Each structure stands twice: as C-alpha cells, then as structure tokens.
C-alpha cells in the first residue's frame, strides 16, 4: 500500500460527515454516517485504485444532483494529476479545483468511448455506486467502451448486489453482474470484496409482507428480519492484461 493511499484514506476520514464536504449517506445528507456503507465504498475505492501523484482518474457517475461536484472527486483531486468526471449531474460545487474536468453527459457507450478516445492519458477509472442505477443495455455498453478504449490498467467499481433477487430497479444480481462484465476481455477481476457494513436503505422489512413472513417462518419473531439485508455492496478491481 502506497503512502499516497494512506494520505487519501486520512483525507476521506476527515471529509466524510463534515458539513463543509457534503456527501450522500454521510449522516447529514440521507442516513448512514461516519462508518456507513458508502464510507466503506469510498475507502475501498481509494485502496483498490492504488493512486500515485501522476495518476489521471476518470470518475464515472461522480456528480450529484444534491451536492454538485462529486464528493469522491474533491477528496482525491488534490493528490493526483487530474480527475475527469462523467455525469450529467455535475456543477461547479463548493470546492472546485483546477485539475477537475467535468464532462456533463449521461454515461453510455458513445459518451464514454468519446471521452476515453479524447483523453488517452487516463490511467485509472472509478465508479462508486453507479451501475445499479443504470439499465442493463446501457451499462453493458459502458463496460464495452472501457474494454475498447481505456488505455490504463486499473478499473474499480462498487455496486449493490443480491445473487437472486432484484429489490429495486437495475440492482445487480448474479445474472446481470455476469452480463455487465462479460465485455471486459482485456481486463480480469483481480479483487472482489463484500462490505462488512450495510446501507440503511437495504432493510425494508415491510416490502416482504408480514403475513408472508409469518407463513413461511412461523417460529421466527418479526424482529429477526430487522438484521437481514435485501442487498449488499461489492467492490471489484479489474486489471488490464496488456
């Protein structure tokens, strides 16, 4: 682990939950908090990216309709050469830095292919909690564009997953997760991690139906389902083979 990675983790810890550095699920905007699922996703993204001062990062979906400029971008930008943000929901934000370049477009095959072709200097790609909010055919096009046009070697993503059931639109399952990454012929999954913490929104006991639960599990108390998440986050690092 590099010294820069440790510095970035410390910067993340100081910024996350600070009202002057707004971030979703930080305890101020939505729920969560200092050691929430989303913090783990940022923490793992930093560790898996393994950045250096010369890194040029593309943050896919790094904008926010709530906060403007992406939180993750503003954490890492002071420590790397350049950060590109692809998202239709990006604004100047409170902490706009000169090395942050915004690309105000929806993520799809065409926009991502064009961005990567025009910026071959990009060394790392990150996408934190994005793919589970995009239709199958569009997100598969995005990984296809990465495979065809990304000249760097490290691609890191975090996403919401359940092996069988889809509890919200576009959530990843074993089937759709496989389909999403099939286009990555020039890359291989070097690490696959599961979060030890879960997001507050993953617990929706009412959606299962109290009568159904009691019929299937008559000997269990309802409160037992308070600790069963409907989905959980994964973090994956892909590395280039050439």
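No lab work stands behind these numbers, since they all come straight from the coordinates. Every value quoted in this text rests on a predicted model; they were computed, and no experiment measured them. FYI the Cβ positions are ideal-geometry reconstructions off the backbone, even for glycines, and counts take in every protein chain you see.
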Quick one: 57, 128, fewest Cβ neighbours within 10 Å first, how do they rank?
128, 57
What do you get for the angle between helix 3-15 and the principal long axis of the chain? Use alpha-carbon atoms, 0 to 90 degrees, nearest ten.
60
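Order by neighbour count: 55, 178, fewest other Cβ atoms within 10 Å first, most last. Before the final figure, lay out each step's value.
On the way: 55 20, 178 10.
Neighbour counts put them in this order, fewest first: 178, 55.
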Which angle between 0 and 90 degrees, to the nearest 10, do you get for helix 37-49 versus the longest principal axis of the chain when only C-alpha atoms count?
40
For the chain, what does -39500 (n - 2.57) per DSSP helix run (n ≥ 4), summed and divided by total residues, give at 222 nm, in deg cm²/dmol to the nearest 500?
-9000 deg cm²/dmol
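Residue 138 to residue 194: extension gain in nm, 0.36 nm per residue of separation minus the Cα-Cα distance?
Working: separation 56, 0.36 × 56 = 20.16 nm, distance 2.46 nm.
Additional length available on full extension: 17.7 nm.
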Counting DSSP beta bridges with both partners in the chain, what percentage is antiparallel, nearest 5?
45
Relative to the longest principal Cα axis of the chain, at what angle does helix 136-149 sit, 0 to 90 degrees, rounded to 10?
30
The stretch 1-120 shape via C-alpha gyration tensor axes, a/c threshold 1.5:
oblate
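Using R₀ = 25 Å, calculate the FRET efficiency as 1/(1 + (r/R₀)^6) where r is the Cβ-Cβ separation of residue 110 and residue 165; round to 0.05.
Numbers: r = 32 Å, r/R0 = 1.27.
The pair residue 110/residue 165 has a calculated efficiency of 0.20.
With the contact rule set at Cα under 8 Å and sequence spacing of 6 or more, what percent relative contact order holds for the stretch 41-84? Provide the component values of the computation, followed by the final result.
Numbers: 36 pairs, mean separation 20.4, N = 44.
That works out to 46 percent.
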Looking at (i) 1.14; (ii) 0.99; (iii) 1.04, which value of Rg/Rh (Cα atoms, Kirkwood Rh) comes from a calculation on the structure shown?
(ii)
So how far, in whole Å, is the C-alpha centre of the stretch 26-84 from the one of the stretch 136-182?
19
Provide, for q = 0.14 Å⁻¹, the log10 of I(q)/I(0) from a solvent-free Debye sum over equal Cα point scatterers in the stretch 85-145.
-0.43
Using label points projected 7 Å from each Cα along Cα→Cβ, tell me how many nm separate residue 19 and residue 52, to one decimal.
4.2
Determine the relative contact order of the stretch 3-240: mean sequence separation of Cα pairs under 8 Å and six or more apart, normalised by residue count, in whole percent.
18
